[in-house]
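Quick note: the coordinates plus some simple rules give every number you see, no bench work behind them. In this text the structure is predicted, and so the values were computed from the model without any measurement. Here Cβ is always computed from backbone atoms with ideal geometry, including for glycine, and neighbour counts include all displayed protein chains.
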Amino acid sequence: VGWALLAVTLFNSYWRVSSVSGNVITTSTIFENLWQSCATDSTGVYNCWEFQSLLELPAYLQASRALMITALVLGFLAIVTSMLGLQCTKVAENNPNAKAKLAVIGGSLFVLAGLCGMVTVSWYAFNITRDFFNPLFVGTKYEIGPA
């Protein structure tokens, strides 16, 4: 379940949303995820565009992409390995030690996948919060989105 939610979160567009605090009239809202930036206006029309260059992205965003993909790959490997370690499967059915090792490896991979996902989300949220409360930050201020 956690792995599926991690996959849904990865492709959700609302990782961060432009802040409207202090604005009386808001004509557009900008929201972003790890892959693209989108803008919507007051009529509900929205446009999305991918980030232009990997090299111009901040380091935390590049690392967040890598960690989320790593988390999904580790989670998939954990699912496969854990299923092979179940008592009801035919793989290594005559060797209970091998099945136990497969189950432990699958569980360890789940823990690593969870840590990768947790580090990604925490680091991303930290950067949003840091920029929001920094009085010297001159760019668009964002809030943590519902993703």
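DSSP loop GluC sites (Glu not before Pro) in region 30-64 with at most 14 other Cβ atoms within 10 Å of their Cβ, which ones?
Details: sites: 32, 50, 56; in loops: 56.
Counting only loop positions with at most 14 other Cβ atoms within 10 Å, the GluC sites (Glu not before Pro) in region 30-64 are 56.
May I ask you to sort 38, 88 by Cβ crowding, counting other Cβ atoms within 10 Å and putting the fewest first? Could you put the intermediate results ahead of the total?
Details: 38 16, 88 6.
Ascending number of Cβ neighbours within 10 Å: 88, 38.
If you split all Cα-Cα distances of region 1-137 into 5 Å bins from zero, what percentages do you get per bin, shortest first?
Over region 1-137, the share of Cα pairs per 5 Å bin runs 2, 9, 14, 15, 14, 12, 9, 7, 6, 5, 3, 2, 1, 0, 0 percent.
In whole Hz and in residue order, list the ³J(HN,Hα) couplings for region 36-41 that follow from phi through the Karplus curve 6.51 cos²θ - 1.76 cosθ + 1.60, θ = phi - 60°; x for Gly and Pro.
Rounded to whole hertz, the list is 8, 10, 10, 9, 10, 9.
Pull the list of the chain cysteines that no other Cys approaches to under 4.7 Å, Cβ to Cβ.
Singleton cysteines: 88, 116.
Under 15 Å Cα to Cα from residue 141, which aspartates and glutamates show up? Leave out anything in the same chain fewer than 8 places away.
32, 131
Picking from 76, 133, 31, which is most flexible by a Gaussian network model of the chain using Cα springs under 10 Å?
Most flexible of the set in this elastic network: 133.
Estimate the FRET efficiency between residue 73 and residue 136 by the formula 1/(1 + (r/R0)^6), using the beta-carbon distance for r and 41 Å for R0, to the nearest 0.05.
Working: r = 38 Å, r/R0 = 0.94.
Between residue 73 and residue 136 the formula returns 0.60.
Relative contact order for the chain: what is it in percent, counting Cα pairs under 8 Å that are at least 6 residues apart? Show your work: numbers first, answer last.
Values: 193 pairs, mean separation 39.8, N = 147.
It comes to 27 percent, rounded to a whole number.
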